[in-house]
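The structure appears below as structure tokens.
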Amino acid sequence: MQRGKTLHFRRRQIAVVNDENFITKSGKNRYIPMNGLLKDVLSSHPRHITNPYIFPSIYQEKRANLPLHADVPRNRLKIALKEAGLSTAFRVHDLRHTFGTRLAEKGVDPRSIMELMGHSNVSMTMRYLHTNASRLMDAVGRLEREAKPQTTVQDATG
């Protein structure tokens, strides 16, 4: 999901019961299933806030009833990366790559990953999936496990 779309979610657009959709940049309705953790987070989100956005501006006096500015997550991430001693080249968008890769690592099929990521074709999804040496070794190891003949020990008495 694009950063702009995420930051502009309004409370009325997200149903924790999850029967509402929203419109994508291509003008299509979109349904995104939520896991239990996300439902818990959204359910516990303070309801006393009057801003209609899920991610309201942190400057309520100046930007009342506006969404969080797109620079805020990026700047906060850079600060956290510096404090952790990590490369500040990491972007919020890179989390989309992580999401797709983690789904693939858990054995989710490419078609489902494509739909969850909101792509219209699998080739776009494949750009987001990254592999590592251990996954590749496991993949070729599966062939070896399948190719080994099954041996059985027979009773010598016959």
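The values are calculated or read from the model by the stated rules, or taken from the named source; none is laboratory data. The structure displayed is predicted, hence computed values, not measured ones. Here Cβ is always computed from backbone atoms with ideal geometry, including for glycine, and neighbour counts include all displayed protein chains. For accessibility, only protein heavy atoms count, side chains too; no ligands or nucleic acids. Shrake-Rupley method; radii C 1.70, N 1.55, O 1.52, S 1.80 Å.
Annotations
- Ordered by 1.4 Å accessible area with all protein chains kept, GLU115, GLU105 run largest first as GLU115, GLU105.
- Amide N of the range 105-122 lying under 12 Å from the label point, which is placed 7 angstrom from the Cα of ILE32 along Cα→Cβ: 116-119
- Neighbourhood net charge (14 Å Cβ-Cβ; Lys/Arg +1, Asp/Glu -1) for GLY100: +2
- Summing charges over all other residues whose Cβ lies under 12 Å from the Cβ of LEU81, with Lys and Arg as +1 and Asp and Glu as -1, gives +3.
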